[in-house]
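See structure below.
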Amino acid sequence: MPKPPPTPRHGVARVISKAGLASRTQAAAWVREGRVAVAGQVVRDPEHPVRAGLDAVLVDGAPIGAQLRVYLALNKPRGLVTTATDERGRPTVYQCLDGAGLPWLAPVGRLDQASEGLLLFSNDPAWAARITDPALGPDKSYHVQVDGVPDAAALSRMHEGVDDGGETLAAKHASVLRSGGRTAWLEIVLDEGRNRQIRRLLQALDFPVLRLLRVAIGPLALGELPKGGWRHLTPAEVAALGG
């Protein structure tokens, strides 16, 4: 008889991170501090192999699958980077969550430093993967202030797409919300997530972005959440987004 395939093995720090408890860097620190046990034995090597589905992993004596799943929405202020730590010392989105007594949460997708608005966090990697899936994830809606007032032809170009360094950038929907003087506010909906997609698309059409605010992810709207404020999602919202 053919031998069964070998059991997959992964480094323990990666396993802890994938379970949603911490970033891989933080998980590695826990391992080195002696806070992690695999199959009943304390390990101190972040790359210590764990057999998927066979080896029990405990952090501070608790199984890694036992933590409460948390889902929340943040109204990200401008000027913060979407990362846990920044090598350049810039302020991060985690300062908005300081002192809240929350477990480790990872951003679900990103907003660049100059962008604002709705940003999700969770310690449920499978749910987060469904949200960020480029083919199956929900649409993202933005309000964007630009220098200039796009006409119908320019809006059509946004729908059709432009080439930027060999990459086609396009909006699922684009319309003018209001205009005044030399600027306009646009509503732009994306059904995929490319790096700085809206800024690059509009810059290619000579409409530099002055302000960019994400106002919705799928059916979840930013609403009246104050700048820098956050709230837990309801079970219905979690299910509607990717449950």
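Assorted remarks:
- Subset of the range 14-25 [more than 16 Å from Pro125 (Cα to Cα) and surrounded by 14 or more Cβ atoms within 10 Å (Cβ to Cβ)]: none
- Pairs where the first residue, in the range 134-151, is in the same structural domain as Ala170 (by TED's automatic domain parsing) and assigned to a loop (DSSP other than H, G, I, E, B) and the second is among the polar types (S, T, N, Q) and surrounded by 14 or more Cβ atoms within 10 Å (Cβ to Cβ), C-beta under 8 Å, 6+ apart: Gly148/Thr183; Val149/Ser179; Val149/Thr183
- Condition met for Trp185 (aromatic (Phe, Trp, Tyr), assigned by TED's automatic domain parsing to the domain that holds Ala100 and surrounded by 12 or more Cβ atoms within 10 Å (Cβ to Cβ)): no
- Leading residue by the ranking (farthest from Pro8 (Cα to Cα)) among those in the range 34-50 that are among the charged types (D, E, K, R) and surrounded by 14 or more Cβ atoms within 10 Å (Cβ to Cβ): Arg35
- In the range 59-94, residue modelled with the lowest pLDDT [restricted to those that are touching a Lys or Arg at 6+ places or on another chain (Cβ under 9 Å) and assigned to a strand (DSSP E or B)]: Val59
- Only one of Leu177, Leu212 that is in contact with a Lys or Arg (Cβ under 8 Å, 6 or more places away or on another chain) and either modelled with pLDDT under 95 or part of a strand (DSSP E or B) (or both): Leu212
The values are calculated or read from the model by the stated rules, or taken from the named source; none is laboratory data. All figures in this text were calculated on a predicted structure; none of them were measured in a lab. Virtual Cβ from ideal backbone geometry, glycine too; neighbours counted across all protein chains shown.
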